[in-house]
Amino acid sequence: MKSWEFDEVDSFTTGTVGRPGQRVFFLQARAGSQVASLKCEKQQVSALADYLGKLLADLPAPTERPMPASMELRGPIEVGFVVGPMGLVFDTELDLFVLMVEEAVPLDEDGEPDLAALSDQGRMRMRLTRGQALAFCERTAEIVAAGRPNCLFCGMPINPDGHPCPRMN
């Protein structure tokens, strides 16, 4: 089982490896020499940033922000696990977000979690400042926007090598 607990992180970011249409998305947390890189879906990164953004809208603006260079993925990337459920709360006493990420667990033939995999499920828990959360939201917007453009006619992504649009047949 891969597990991380970060009371303070130097950096929390997202990034991709690969070209548009074949990108692999990652969440990455760094504290000192410890690095946790988790493979995830574009929709998971986007949903996390959207939710963080909504929570940030109700809080005072952060006074400190991470340096832009710290928002780049640090390689080489070793995948800790594939992201499954996530939970996020804001601790008003500490003035910090607490993010919990669990590993995706395969389901058995009845649609129930595989008990063997569940007992070895990876987890990552971290605390984030408002500045780190805002920088993550901004970075996510850049990363998502850098993907494939959508077709004007059908709305589906256009691959670099073309697009068979169902509406243009």
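Which of the residues spanning the stretch 1-15 are open to solvent by 10 Å² or more (accessible area, probe 1.4 Å), within 15 Å of Gly80 (Cα to Cα) and of a type outside the set (Asp, Glu)? Matches in the stretch 1-15: Met1, Lys2, Ser3, Trp4. One residue stands out in the stretch 22-33 among those that are part of a strand (DSSP E or B) and either charged (D, E, K, R) or over 15 Å from Arg127 (Cα atoms) (or both): the one that is most open to solvent (accessible area, probe 1.4 Å), namely Val24.
Conditions tested, residue by residue: (1) modelled with pLDDT of 95 or more; (2) touching a helix residue (DSSP H, G or I) at 6+ places or on another chain (Cβ under 7 Å); (3) surrounded by fewer than 16 Cβ atoms within 10 Å (Cβ to Cβ).
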site: Lys39; (1), (2), (3): yes, no, no
site: Lys42; (1), (2), (3): no, yes, no
site: Leu56; (1), (2), (3): yes, yes, no
site: Leu59; (1), (2), (3): yes, yes, yes
site: Pro66; (1), (2), (3): no, yes, no
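Close Cβ contacts (under 9 Å, 6 or more residues apart or on different chains) running from residues in the stretch 30-58 that are hydroxyl-bearing (Ser, Thr, Tyr) to residues that are open to solvent by less than 20 Å² (accessible area, probe 1.4 Å) and assigned to a strand (DSSP E or B) comprise Ser37/Phe26; Ser37/Leu27; Ser37/Gln28; Ser37/Ala29; Ser37/Gly80. Return the residues of the stretch 92-138 that are over 29 Å from Lys54 (Cα atoms), in a strand (DSSP E or B) and among the hydrophobic types (A, V, I, L, M, F, W, C); say none if nothing qualifies. Leu107 - this is the single residue of the stretch 92-138 that is over 29 Å from Lys54 (Cα atoms), in a strand (DSSP E or B) and among the hydrophobic types (A, V, I, L, M, F, W, C). Write out, first by first residue and then by second, each pair whose Cβ atoms fall under 8 Å of each other, whose residues are 6+ apart or on separate chains, and whose first residue, in the stretch 80-107, is within 16 Å of Ala47 (Cα to Cα) while the second is among the hydroxyl-bearing types (Ser, Thr, Tyr) and modelled with pLDDT of 95 or more. That search, which allows pairs on different chains as well, returns Leu88/Tyr51; Phe97/Thr129. For Glu5, the conditions (1) acidic (Asp, Glu); (2) outside any strand (DSSP E or B); (3) over 20 Å from Leu134 (Cβ atoms) are fulfilled apart from (2). Here Met156 qualifies as under 22 Å from Phe25 (Cα atoms), among the aliphatic types (A, V, I, L, M), modelled with pLDDT under 85 and open to solvent by 50 Å² or more (accessible area, probe 1.4 Å).
When you look at Ala141, is it touching a residue at least 24 places away in the same chain (Cβ under 8 Å), within 18 Å of Ala31 (Cβ to Cβ) and in a helix (DSSP H, G or I), yes or no? No. Quickly run through the stretch 103-141 and pick out the residues that are over 19 Å from Pro85 (Cα atoms), surrounded by fewer than 16 Cβ atoms within 10 Å (Cβ to Cβ) and either more than 13 Å from the chain's Cα centre (by Cα) or among the aliphatic types (A, V, I, L, M) (or both). If the condition is that a residue be over 19 Å from Pro85 (Cα atoms), surrounded by fewer than 16 Cβ atoms within 10 Å (Cβ to Cβ) and either more than 13 Å from the chain's Cα centre (by Cα) or among the aliphatic types (A, V, I, L, M) (or both), then Glu109, Asp110, Gly131, Ala141 are the ones that fit. Within the stretch 144-169, take every residue that is part of a helix (DSSP H, G or I) and within 23 Å of the chain's Cα centre (by Cα) and give me the one that is farthest from Gly15 (Cα to Cα). Once the filter is applied, the top-ranked residue is Ala145. Among the residues of this structure, Asp95 counts as one that is on the phi > 0 side of the Ramachandran plot and open to solvent by 30 Å² or more (accessible area, probe 1.4 Å).
The values are calculated or read from the model by the stated rules, or taken from the named source; none is laboratory data. As the structure is a computational prediction, the values presented were derived from the model and not from experiment. Virtual Cβ from ideal backbone geometry, glycine too; neighbours counted across all protein chains shown. The protein model used for the area step is the full one, side chains on, heavy atoms only, and it has no ligands, DNA or RNA in it. Shrake-Rupley method; radii C 1.70, N 1.55, O 1.52, S 1.80 Å.
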